[in-house]
Amino acid sequence: MSLRFERMMEEHEAAQMNALQLAYLGDSVWELIIRYDLTVRKLNVHNMHKNCVNMVNARSQSQILFSIYDILYEREQEIVRRGRNAHAKHPVPKNQNPDDYAQATGFEALFGYLYVTGQNERIQQLVNHMKEVNPDA
């Protein structure tokens with residue numbers, strides 16, 4: 001799966017982006033990865049939706065970040081920190097734990113960063129590691 005721009009950003013350009021912008025993109029990237037995986041599993045649409053909702057939420061993303069954090073490179077950890085510390089102009093959704101929500105924003109920022117810099121192989125490595133750690137995901 002490769003949906004690409006005309007020009008990838010250099011790492012230093014992407015690192016200068018607002019962390020919430022990276023998270024905005026990363027949220028879509030993560031959801032597309034999950035939806036594609038669920039489609040390949042040939043589940044019915046109802047089960048795909050239920051599974052997607054379970055994987056694309058703050059709690060799950062926080063847990064996944066915890067499972068991959070130790071294998072992140074220094075720059076990736078910095079992107080996560082920036083995302084985690086970014087403050088949106090809206091309150092944390094009522095049904096979300098604020099700590100999970102902050103971690104999830106860091107997770108999404110990481111995936112946004114990797115996407116805009118064209119690091120598809122790195123995204124796949126992280127997804128594969130997450131699947132090794134949590135085979136039920």
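The values are calculated or read from the model by the stated rules, or taken from the named source; none is laboratory data. The structure presented is a predicted model; accordingly, all values stated were derived computationally and were not measured. Virtual Cβ from ideal backbone geometry, glycine too; neighbours counted across all protein chains shown.
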So the check is Cβ under 7 Å with 6+ separation or different chains; which pairs have a first residue in segment 93-114 that's touching a residue at least 60 places away in the same chain (Cβ under 8 Å) and among the hydroxyl-bearing types (Ser, Thr, Tyr) and a second one that's assigned to a helix (DSSP H, G or I) and surrounded by 24 or more Cβ atoms within 10 Å (Cβ to Cβ)? Thr105/Ala23; Thr105/Gly83; Tyr113/Leu22; Tyr113/Ile79
Among the numbered criteria (1) within 21 Å of Gln16 (Cβ to Cβ); (2) not in a helix (DSSP H, G or I), which single criterion is violated by Leu114? (2)
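Which of the residues spanning segment 115-137 are among the aliphatic types (A, V, I, L, M) and either at pLDDT 90 or above or under 18 Å from Gly26 (Cβ atoms) (or both)? Walk me through how you get there before you give the answer.
Start the filter on segment 115-137 by keeping residues that are among the aliphatic types (A, V, I, L, M), which leaves 116, 123, 126-127, 130, 133, 137.
Residues satisfying the conditions are Val116, Ile123, Leu126, Val127, Met130, Ala137.
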